[in-house]
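All remarks here apply to the structure that follows.
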Amino acid sequence: MEFTIDPQTYLAALVAAGATDVGPLTRCPLCQSDLAPARGARHAAGAAGHLRHKHRTNDAGCVLTTSAYQPKELVAQERRDVIVGGRHREHFIGRWTHHYVAARRLLPSLTVQRFATVIAYADVLNLWSCAVLQQEDVPVVLLVLAGFMRLPNDANGAAWVRFWFDTSVQEVEDLWKPRPVPPRLFQVAYREPEFTPFPTGMQVLYWNEVASRPGWLDGPAPELSPAEMAEFRRFVARGRGHLNRGPDDRHDR
Ligand SMILES: [Zn+2]
């Protein structure tokens, strides 16, 4: 029999079954450090509320428990390669509706305007210069690069959302290196923070692993509204003027 299980359910079930030492096989999905059952202690990891990092020293570096609102971000290509970058970007722009609709499937509130802003940010990071870039992963890379995003009308009361790769992906290129296991993508939803401009691990409300969607860039171009098409045309026409963006504009892109 086949069934699907998410990390929270798995971890909660493990503890409910009486596991006192969940062992090295039970690792935090985000930071991959060992987990241990927490007795009476609150852990920010959503429904896996009965587990904590075995070693507290891992708390600061983990998305689910960090007290920083500017945790370590995904690093893209540092050096620009005009030839490779131009080719990758042109290919991407030529099929942008596929990419946009793919990203919107994971984040229904994603507008074309926000999508264009994140592309501009990817331009600044020289994402396209990555020689091994695979177009199929670009929608999720853009969502991760987007940083904290407002989540309107969330049924569970979340105010912000952010996409994260697990900690094995520090640089974009890590996605496409030979790997023992495929990279994992998570969607983390946050409450409104009280004392910081963006959420920390303390505001994690819930989180889910996001499954990859092979083949989502195939097929005919998805239809978008004339207003959406016009919005993107304006973005393309503006060219690379976005390079003047300042370093303070790194969040809520
Ligand atoms: Zn962790």
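Yes/no matrix, rows are residues, columns are (1) in contact (Cβ under 8 Å) with a residue 24 or more places away in the chain; (2) farther than 15 Å from VAL144 by Cβ; (3) within 16 Å of the ligand (Cβ to nearest atom); (4) surrounded by fewer than 17 Cβ atoms within 10 Å (Cβ to Cβ):
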position	(1), (2), (3), (4)
ARG79	yes, yes, no, yes
LEU107	yes, no, no, no
GLN113	yes, yes, no, yes
ILE119	yes, no, no, no
ASN126	yes, yes, no, no
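When the residues of the range 173-226 are filtered to those that are aromatic (Phe, Trp, Tyr) and either touching a Cys at 6+ places or on another chain (Cβ under 9 Å) or assigned to a strand (DSSP E or B) (or both), the one that is farthest from LEU74 (Cα to Cα) is TYR206.
Of all residues in the range 214-235, those being closer than 22 Å to GLU136 by Cα, among the aliphatic types (A, V, I, L, M) and either surrounded by fewer than 12 Cβ atoms within 10 Å (Cβ to Cβ) or outside the structural domain of VAL101 (by TED's automatic domain parsing) (or both) number 1.
For residues in the range 225-253 being over 21 Å from ARG150 (Cβ atoms) and aliphatic (A, V, I, L, M), which is modelled with the lowest pLDDT? In this case the residue turns out to be LEU243. One residue stands out in the range 154-166 among those that are of a type outside the set (D, E, K, R), touching a residue at least 12 places away in the same chain (Cβ under 8 Å) and not in a strand (DSSP E or B): the one that is surrounded by the fewest Cβ atoms within 10 Å (Cβ to Cβ), namely ASN156. Among the residues of the range 83-105, just one is free of Cβ contacts under 8 Å to residues at least 24 places away in the same chain and within 19 Å of TRP160 (Cα to Cα), namely ARG104.
Within the range 131-153, being crowded, with 16+ Cβ neighbours inside 10 Å and part of a strand (DSSP E or B) holds for one residue alone: MET149.
The values are calculated or read from the model by the stated rules, or taken from the named source; none is laboratory data. A quick note: this is a predicted structure, and the numbers were derived from the prediction, not measured. Please note: Cβ atoms are built from the backbone with ideal geometry, for glycine as well, and neighbour counts cover all protein chains shown.
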